[in-house]
Structure formats: C-alpha cells, structure tokens
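**Student:** Sending over a structure as structure tokens; questions will come in a sec.
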Amino acid sequence: QVQLVESGGGLVQPGGSLRLSCAVSRRISSIGAMGWYRQAPGKQRELVAAITSGGNTNYADSVKGRFTISRDNAKNTVYLQMNSLQPEDTAVYYCNAGFLGHIYWGQGTQVTVSS
C-alpha cells in the first residue's frame, strides 16, 4: 500500500508562486510514474503533470512553461513548482501514484489564486 500526503497549498495572488509537496510512505524509487492532478469546482479531475521513474515528464498544455514536476528519491517526495499562477489554476491538487496495479491518491491540497 502507498500513502500520499500533499502539502503546500494556499492562497496566492495572480502571478505568484507555490510549491506543492507530496510525501510518499514508501521508497518512490520502487514506484513508477507519479503525477499531480487537479479538480476545480464543477469540473472533472484533470492531469496537470506526470513524471516517470526515469525522470521523463509531461504537462497539460495549460501549465506548460509555468509548472515543473520533480521527484526527490532520497526524500521520497514529489514536488510541483507552480509559477505565474492564474485564477484558472484554482483547484484542489491531488498527488497520484501507481503501484503493483493499484492507483493511490492523496487527500488533496487547496490552491486558490485570487487578488
């Protein structure tokens, strides 16, 4: 089993930055791809960014050039650096991992972008 705990969300003004962290309960070197998703009110959950065990990344078009996903195997943590935040980035952000055929989710962290 894998437990994921997100942190780092909050209220930020447009143009600001936040870094989300996802602490993982087991060695992430044993986990394949991990990702960040988000869900805004009234909308479906969508993929924001993903990273493979080899460090390959992919991003939603809406965040390319502004968000960066990374993983620190030594700390068993996955990060999402978010820059140039806009009101449309407001959502609950979830960490996601696939392990031995199961999909695991964190509890989510709220990101609100507003002046």
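The values are calculated or read from the model by the stated rules, or taken from the named source; none is laboratory data. All figures in this text were calculated on a predicted structure; none of them were measured in a lab. Quick reminder, even Gly has a Cβ in these numbers, built from the backbone with ideal geometry, and neighbours come from all protein chains shown. All accessible areas refer to the heavy atoms of the entire protein, side chains included, with ligands and DNA or RNA removed. Shrake-Rupley method; radii C 1.70, N 1.55, O 1.52, S 1.80 Å.
**Student:** With every protein chain present, what is the per residue accessible area of the chain (1.4 Å probe, Å²)?
**Tutor:** Values: 5990 Å² over 115 residues.
Per-residue value: 52 Å².
**Student:** Could you calculate, for region 33-102, the ratio of the Cα radius of gyration to the Kirkwood radius, expressed as Rg to Rh?
**Tutor:** Over the Cα atoms of region 33-102, Rg/Rh equals 0.97.
**Student:** If I take R0 = 22 Å and measure r between the Cβ atoms of Thr68 and Leu100 in this structure, what FRET efficiency does the formula 1/(1 + (r/R0)^6) give, to the nearest 0.05?
**Tutor:** The calculated FRET efficiency here is 0.20.
**Student:** If you roll a 1.4 Å probe over the chain with all protein chains in place, what percent of the accessible area is carbon or sulfur?
**Tutor:** The C+S portion of the solvent-accessible surface of the chain is 46 percent.
**Student:** Can you compute the label reach from Val5? Point 7 Å from Cα along the Cβ direction, backbone N cut-off under 18 Å, restricted to region 62-81.
**Tutor:** Correct set: 72-80.
**Student:** Explain nothing, just the number: dipole magnitude of region 43-85 about its Cα centre with +1 on each Lys and Arg Cβ and -1 on each Asp and Glu Cβ, in debye rounded to the nearest 20.
**Tutor:** My answer is approximately 80 debye.
**Student:** Further, regarding this structure: Of Asn73, Val63, Ser17, which is farthest on the positive side of the dipole of the chain, counting Cα position, with +1 on Lys and Arg Cβ, -1 on Asp and Glu Cβ, and the Cα centre as origin?
**Tutor:** Of Asn73, Val63, Ser17, it is Asn73.
**Student:** Once each part is reduced to its C-alpha centroid, what is the distance from region 63-78 to region 1-36 in angstrom?
**Tutor:** For region 63-78 versus region 1-36, the Cα centre distance is 8 Å.
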